[in-house]
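Participant: This is the structure I have questions about; it appears just below.
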Amino acid sequence: MQRIIVAPSILAADFSRLHDEIHRVEAAGADWIHCDIMDGHFVDNISFGPEIVGIVRGLTNLPLDVHLMIEHADHYVPRFVKAGANSITVHVEPEAKHDLATTLRQIQEAGCRAGLTLNPETPFDLIEPFLHKIDLLLIMTVHPGFGGQRFRADQMQKVKRARSLNDKIDIEVDGGIDPRTAKLSITNGANVLVAGTSIFHSRDYATAIRELRGE
Ligand code: DX5
Ligand code: ZN
């Protein structure tokens, strides 16, 4: 079986101690660092931008997995590439206001892995035409914008469908991931677990990460 990748979302980290948080999560066995970028337009929250991603880049050699919940991602992609992103995921919904094929090509030509994602309300059909053009697929298991929300098990059918259509791609789940929902996601075909609350709000990051992997 494929090794499960754990990607802590720093949205739930203590930003007053970001340096320490990144080092602790790395020492605890994190595989990637997930950076949630929110613009207050595509989602109803504002998080951080390329400056902070650049700071995180300086703190770790782990791959930086950048999730853009923003409008006009194509305009900002170069700044996140420059900041040190390894993978960049963009939203498929028309409200994200960009040409998907162009943005995906732009990300790949810049040397990054390109990902596509969809909200829980968005039908899987919108993703299907791109399934063999992307490097990773991120299935939102909460409505994006905030950490700490409840996992939506109804999204597992999308994970299952994606895995049945492409057994090579990385399939990432994001939102409400804890040991129980991680197990369910893995059973359905996911191999990358994004988790904010269940890692950064835990007492022992190493135990939290091990439990997500089902160890
Ligand atoms: C939600 C973000 C998630 C979020 C996950 O908009 O995309 O990455 O940080 O947080 P938890 O694990 O707390 O649901
Ligand atoms: Zn995310």
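Participant: Once segment 100-161 is represented by equal point scatterers at the alpha-carbon sites, with solvent omitted, what log10 I(q)/I(0) does the Debye formula produce at q = 0.18, 0.20, 0.24 Å⁻¹?
Facilitator: Those come out to -0.70, -0.82, -1.02, one per q.
Participant: Taking 0.36 nm per intervening residue step and subtracting the Cα-Cα distance, what contour gain separates Asp204 from Arg163 on full extension?
Facilitator: 11.6 nm is the gain from fully extending Asp204 to Arg163.
Participant: Any chance you could list P(r) for segment 15-80, counting all Cα-Cα pairs in 5 angstrom bins from zero, rounded to whole %?
Facilitator: Spelled out bin by bin, segment 15-80 gives 4, 16, 27, 23, 16, 11, 3, 0 percent.
Participant: Going by how many other Cβ atoms sit within 10 Å of their own, how do Arg203, Arg24 line up, fewest first?
Facilitator: Arg203, Arg24
Participant: For the pairs Lys158/Lys183; Lys97/Lys168; Lys97/Lys158; Lys133/Lys160, flag any whose C-alpha to C-alpha distance is greater than 26 Å.
Facilitator: Beyond 26 Å between Cα atoms: Lys97/Lys168.
Participant: For segment 115-215, max minus min Cα coordinate along each principal axis, in Å, sorted largest first?
Facilitator: The Cα atoms of segment 115-215 stretch 42, 26, 20 Å along their principal axes.
Participant: Turning to a different aspect of this structure: For Thr117, what charge total do you get from the other residues with a beta carbon under 10 Å from its beta carbon, if Lys and Arg give +1 and Asp and Glu give -1?
Facilitator: On the way: positive: none; negative: Glu93, Glu172, Asp174.
Spelling it out: positives minus negatives among the neighbours equals -3.
Participant: If you don't mind, there's one more thing I want to ask. Rounded to the nearest 500, what is the chain's calculated 222 nm mean residue ellipticity when only DSSP H runs of at least 4 contribute -39500 (n - 2.57) each, over all residues?
Facilitator: Calculated mean residue ellipticity at 222 nm is -9500 deg cm²/dmol.
Participant: When the expected Rg is taken as 2.2 N^0.38 Å, what fraction or multiple of it is the alpha-carbon Rg of segment 159-209?
Facilitator: Compactness ratio reported: 1.22.
Participant: Cα centroids of segment 119-198 and segment 58-74: how far apart, whole angstrom?
Facilitator: Their Cα centres are 18 Å away from one another.
Participant: What translational D, rounded to a whole number of µm²/s, comes out for segment 34-188 from Stokes-Einstein when the hydrodynamic radius is the Kirkwood one over Cα pairs, at 25 °C and 0.890 mPa s?
Facilitator: 157
Participant: Output the Kirkwood hydrodynamic radius of segment 13-53, Cα pairs only, in Å rounded to one decimal.
Facilitator: Details: mean 1/r = 0.0861 Å⁻¹.
Across segment 13-53, the inverse of the average 1/r is 11.6 Å.
Laboratory data are not the source of any read-out in this text; all were calculated from the coordinates shown. Fair warning: this is a prediction, and the values are worked out from it, not measured in the lab. Positions of Cβ are generated from backbone atoms using ideal geometry, with glycine treated the same way; all protein chains shown enter the neighbour counts.
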